[in-house]
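The values are calculated or read from the model by the stated rules, or taken from the named source; none is laboratory data. All values derive from a computational prediction rather than experimental measurement. Cβ placement follows ideal geometry from the backbone for every residue including glycine, while neighbour counts extend to all protein chains displayed.
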Amino acid sequence: MSTSHESVCRLLSGEPLRKSLDTADPQAWVDFDLAVRSLPYVRREALRSLTGLRDHAHGTLGESQLAVALCHPDGRVREAALEWAPAVPALLPLVVIRSADWVAPVREQARELLAGLLPGVVGRAMAPFAALVLRMACRQHGDFAQSLLKRSLVAGPPEAITTLLTSDDRAARRFGHRLAVEQQMLSPLRLARIAASDDDVVIQDLCAEAALAAVREGAHEEVLEPLLESRQPQIRAAGVTALRRTGRFAQAESFLSDRSALVRACARWVLRKSGTDPLPLYRALCMDLGDEGPPPGAALGLAECGTRADAELLWPLTGHPVAAVRSRAVAGLRVLDSAESARLRPLVDDPAPAVAREVAAALIPDAGRLPASWLETRLDPARPVHTRTAAFRLLCAQGGAVELRAALSLLTDQHPKLRFRAEQSVRRWTPSATTALGDRELAALIDRHAPALGHRTVLLLRRQLGLIS
């Protein structure tokens, strides 16, 4: 018997509702309803005392028993229990659930009760109540409670809606923000600040669009500042795009080197609309070879709108003292399809993990041209993990016996991620067209790591290498 079923039995015996159920949690009510209806057959004897509910005198049934009756598997018991519900306000959540009941008479009675009881929900109780209503809205007959809630909130005091804005329930917060925007309860500046700081993407987009509507009307230019300072790329992009409507084209120039490709693209669009070509600006930024150098995003921005000839401006940046500049420069070279393996190969040993990752990604198309022995020496445990990871990635790109040899050598590595990647590589390995059959060196490696591989994997590998018929 699960904990939920135990709670049902305790409630039937008279245990207080709050002791068995977290009444502030909307999901707890949903789970409780399901627990009563799914009570195992051997435990349903306890429910029989509720089948004659209509014969009980009002006040003779406790709150706990009434809660169980409102979720009873028999629709006639649920319908009878609803007549008692108005006298017990704590059970309003179960009235909400019954308003989406699959039995029409129960559903209609619950809806009538809900319409009369809803005005009594005030203050902090509104947030969990709304959260439960929105859960019920997902059910076949759950739309009534949501429509009723919306009408009540719109007609009621503004505080009822603002309570939802800080709810812990995501659906309730979204619902509250939608209503607040529809009713124009929030100033454009506050909308912009919510869009810039909220961690919910839906709320970010909703509030950003509403805030920018004020900019389209030619007022509230101050709303752009929170948007432009947001940590969320899509919000910064919306703010940068709005610079065109306010005529602040020059401000877009500072976003040409943004860390987000979306924001950089929006900044270029705004500048082009003002008649400014962003390409010379990027070239000027990338020619700065000082200690600080260009902003890291400048190299990628140049690659996104430049030509292959601009690669000559990026190569010097691959040796810049700032790791972020080096990694973006390598990424830019890959975008321009100008990643020469001979020049990039030394950067596999770069001390910055981000640079090594970008170099590996850039070299993968030409991995077959890299000396396997040179890469294998970089699998040595004494080297940094990011260097070993980049080298292994390139060895895997070569495929065939080179990949299998490297993967087998890492099966017992000290680093868990490398060990996991090696195991995955071995298990999905297939011989290439140039793989020599009957390779005794690989056979010895396979036998050495047989305990880690397992009998079936060893058998498959030996068969693929032509070591057994």
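Residues that are under 18 Å from V133 (Cβ atoms), in a helix (DSSP H, G or I) and touching a residue at least 40 places away in the same chain (Cβ under 8 Å) within segment 19-31 comprise P26, Q27, W29, V30, listed in sequence order. Among the residues of segment 221-239, at least one is touching a Pro at 6+ places or on another chain (Cβ under 7 Å) and either modelled with pLDDT under 95 or crowded, with 19+ Cβ neighbours inside 10 Å (or both). Name the residues in segment 351-373 that are among the acidic types (D, E) and either more than 11 Å from E340 (Cα to Cα) or in contact with a Gly (Cβ under 9 Å, 6 or more places away or on another chain) (or both), would you? Result: E358, single match. Under the condition of being under 19 Å from A172 (Cα atoms) and not in a helix (DSSP H, G or I), which residue from segment 83-109 is nearest to the chain's Cα centre (by Cα)? Residue satisfying both the conditions and the ranking: A100.
Is it the case that S230 is in contact with a Lys or Arg (Cβ under 9 Å, 6 or more places away or on another chain), more than 30 Å from R345 (Cβ to Cβ) and without any contact (Cβ under 8 Å) to a residue 60 or more places away in the chain? Yes; evaluated as a whole, the condition is true for this residue.
Checking each residue in segment 445-467 for being among the small types (G, A, S) and farther than 25 Å from G368 by Cα picks out A450, A452, G454. Checking R326, R264, R283, R259 one by one, the residue that is in contact with a His (Cβ under 6 Å, 6 or more places away or on another chain) and either surrounded by fewer than 20 Cβ atoms within 10 Å (Cβ to Cβ) or assigned to a helix (DSSP H, G or I) (or both) is R326 and no other.
So for segment 78-85 (the condition being out of contact with any helix residue (DSSP H, G or I) (no Cβ under 6 Å at 6 or more places or on another chain) and either without any contact (Cβ under 8 Å) to a residue 40 or more places away in the chain or surrounded by fewer than 22 Cβ atoms within 10 Å (Cβ to Cβ) (or both)), does at least one residue qualify? Don't jump to the end; show me each part of the working.
At the first step, the residues of segment 78-85 found to be out of contact with any helix residue (DSSP H, G or I) (no Cβ under 6 Å at 6 or more places or on another chain) are 83.
Next, from what is left, pick out any that are either without any contact (Cβ under 8 Å) to a residue 40 or more places away in the chain or surrounded by fewer than 22 Cβ atoms within 10 Å (Cβ to Cβ) (or both): 83.
So far as segment 78-85 goes, yes, one or more of its residues are out of contact with any helix residue (DSSP H, G or I) (no Cβ under 6 Å at 6 or more places or on another chain) and either without any contact (Cβ under 8 Å) to a residue 40 or more places away in the chain or surrounded by fewer than 22 Cβ atoms within 10 Å (Cβ to Cβ) (or both).
When segment 267-280 is filtered for residues that are out of contact with any Gly (no Cβ under 8 Å at 6 or more places or on another chain) and either outside any helix (DSSP H, G or I) or not charged (D, E, K, R) (or both), the ones remaining, listed by number, are A267, W269, V270, L271, S274, G275, T276, D277, P280.
Within segment 301-316, is even one residue in a helix (DSSP H, G or I) and among the β-branched types (V, I, T)?
Of the residues in segment 301-316, the ones in a helix (DSSP H, G or I) are 301-305, 308-316.
Add one more test, that the residue is among the β-branched types (V, I, T), and what stays is none.
So far as segment 301-316 goes, no, none of its residues is in a helix (DSSP H, G or I) and among the β-branched types (V, I, T).
Looking at segment 137-173 only, could you name the residues that are within 21 Å of L191 (Cβ to Cβ) and among the aliphatic types (A, V, I, L, M)? Matches in segment 137-173: L153, V154, A160, I161, L164, L165, A171, A172. Note on segment 347-401: among residues that are touching a helix residue (DSSP H, G or I) at 6+ places or on another chain (Cβ under 7 Å) and basic (K, R), the one that is nearest to L467 (Cα to Cα) is R393. Across segment 286-313, the number of residues qualifying as over 17 Å from D258 (Cα atoms) and crowded, with 17+ Cβ neighbours inside 10 Å comes to 3. Being at negative phi and either loosely packed, with under 12 Cβ neighbours inside 10 Å or in contact with a strand residue (DSSP E or B) (Cβ under 6 Å, 6 or more places away or on another chain) (or both) is the requirement here; does R456 meet it? Against the criterion (at negative phi and either loosely packed, with under 12 Cβ neighbours inside 10 Å or in contact with a strand residue (DSSP E or B) (Cβ under 6 Å, 6 or more places away or on another chain) (or both)), R456 qualifies.
Would you be able to say whether some residue in segment 361-376 is assigned to a loop (DSSP other than H, G, I, E, B), within 30 Å of E312 (Cβ to Cβ), free of Cβ contacts under 8 Å to residues at least 60 places away in the same chain and not polar (S, T, N, Q)? The answer is yes; a qualifying residue exists.
Going by the structure shown, is C138 touching a Lys or Arg at 6+ places or on another chain (Cβ under 8 Å) and either farther than 30 Å from R216 by Cβ or free of Cβ contacts under 8 Å to residues at least 60 places away in the same chain (or both)?
Values: touching a Lys or Arg at 6+ places or on another chain (Cβ under 8 Å): no; either farther than 30 Å from R216 by Cβ or free of Cβ contacts under 8 Å to residues at least 60 places away in the same chain (or both): yes.
Spelling it out, it is not the case that C138 is touching a Lys or Arg at 6+ places or on another chain (Cβ under 8 Å) and either farther than 30 Å from R216 by Cβ or free of Cβ contacts under 8 Å to residues at least 60 places away in the same chain (or both).
S254 meets the conditions (1) in contact (Cβ under 8 Å) with a residue 24 or more places away in the chain; (2) part of a helix (DSSP H, G or I); (3) under 30 Å from the mean Cα position of the chain (by Cα) in every case but one. The failed one is (1). Filtering segment 345-363 to residues that are crowded, with 22+ Cβ neighbours inside 10 Å and more than 32 Å from the chain's Cα centre (by Cα) leaves only L347.
Could you list all residues from segment 110-162 that are basic (K, R) and either surrounded by 15 or more Cβ atoms within 10 Å (Cβ to Cβ) or outside any helix (DSSP H, G or I) (or both)? Steps first, answer last, please.
Step one: of segment 110-162, the residues basic (K, R) are 111, 124, 135, 139, 150-151.
Scanning segment 110-162 gives R111, R135, R139, K150.
Number of residues in segment 163-179 that are among the hydroxyl-bearing types (S, T, Y) and either without any contact (Cβ under 8 Å) to a residue 12 or more places away in the chain or part of a helix (DSSP H, G or I) (or both): the value is 2.
Condition (residue is within 24 Å of A331 (Cα to Cα) and among the aliphatic types (A, V, I, L, M)) applied to segment 447-467: is it met by at least one residue? Checking segment 447-467: not a single residue is within 24 Å of A331 (Cα to Cα) and among the aliphatic types (A, V, I, L, M).
Take D168 and tell me if it is surrounded by fewer than 17 Cβ atoms within 10 Å (Cβ to Cβ) and under 29 Å from D31 (Cβ atoms). Against the criterion (surrounded by fewer than 17 Cβ atoms within 10 Å (Cβ to Cβ) and under 29 Å from D31 (Cβ atoms)), D168 qualifies.
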